[in-house]
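The structure under discussion appears below in the form of structure tokens.
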Amino acid sequence: MFQTFRNAWKIPELKNRLLFTLAILVVYRLGCAIPVPFVSSTALTQMFASNGDMLSYLNMMSGGALARCTLFALGVTPYINAVSYTHLRAHET
């Protein structure tokens with residue numbers, strides 16, 4: 001397995017793709033750790049405690065980032081919902 005990674009670094013195009021993928025993962029993880037400014041964490045905790053069903057589901061889908069109110073809290077969920085809605089509206093008669 002290590003030999004495969006060593007060989008991958010020898011190919012310039014593959015090396016660039018691996019480095020780009022690694023950079024994107026680092027940026028995403030940083031965005032999931034940085035909280036949104038001016039959001040009260042105590043109010044957010046109370047909101048998640050009182051509304052259990054839908055918010056806890058969204059929090060689970062975001063990997064816990066929604067409860068911490070981070071920059072990338074929703075991930076790709078809004079994009080997927082928008083694509084689904086647009087697709088349904090396009091085929092409406």
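The values are calculated or read from the model by the stated rules, or taken from the named source; none is laboratory data. Values in this document were obtained by computation on a predicted structure and should not be read as measured data. Cβ placement follows ideal geometry from the backbone for every residue including glycine, while neighbour counts extend to all protein chains displayed. Calculation scope for accessible area: heavy atoms of the full protein, side chains included, ligands and nucleic acids excluded. Shrake-Rupley method; radii C 1.70, N 1.55, O 1.52, S 1.80 Å.
Taking label positions 7 Å along the Cα-Cβ direction at both ALA33 and GLN3, the computed distance is 3.6 nm, reported to one decimal.
Solvent-accessible area of PHE2, all protein chains in place: 150 Å² (probe radius 1.4 Å, heavy atoms, ligands and nucleic acids excluded). Taking amide H as placed 1.01 Å from N in the peptide plane, the amide H of THR70 sits under 5 Å from that of VAL36, each at least 5 places away or on another chain.
A simple rule links phi to the HN-Hα coupling: the Karplus curve 6.51 cos²θ - 1.76 cosθ + 1.60 with θ = phi - 60°, which for the stretch 22-38 gives 5, 5, 5, 5, 5, 4, 5, 5, 5, x, 7, 9, 8, x, 6, x, 6 Hz, with x for Gly and Pro.
Applying the Karplus relation 6.51 cos²θ - 1.76 cosθ + 1.60 with θ = phi - 60° to the stretch 64-72 yields 3J(HN,Hα) values of x, 6, 5, 5, 8, 6, 8, 4, 9 Hz, where x marks Gly and Pro. The phi-based Karplus calculation (6.51 cos²θ - 1.76 cosθ + 1.60; θ = phi - 60°) puts the 3J(HN,Hα) values of the stretch 57-62 at 5, 5, 5, 5, 5, 8 Hz, whole numbers, x for Gly and Pro.
For the stretch 11-93, the solvent-accessible area of protein heavy atoms averages 81 Å² per residue (probe radius 1.4 Å; ligands and nucleic acids excluded). Among the protein heavy atoms of the chain, carbon and sulfur supply 69% of the accessible surface, probe 1.4 Å, non-protein parts ignored. According to the square roots a ≥ b ≥ c of the eigenvalues of the Cα gyration tensor, what is the shape class of the chain, taking rounded for a/c under 1.5, prolate for a/b larger than b/c otherwise, and oblate for the remainder? Oblate.
Full extension of the chain between MET61 and GLU92 yields a length gain of 8.3 nm, computed as 0.36 nm times the residue separation minus the alpha carbon distance. Ordering 57-63, 76-82 by mean Cβ neighbour count within 10 Å, with the highest value first, yields 57-63, 76-82.
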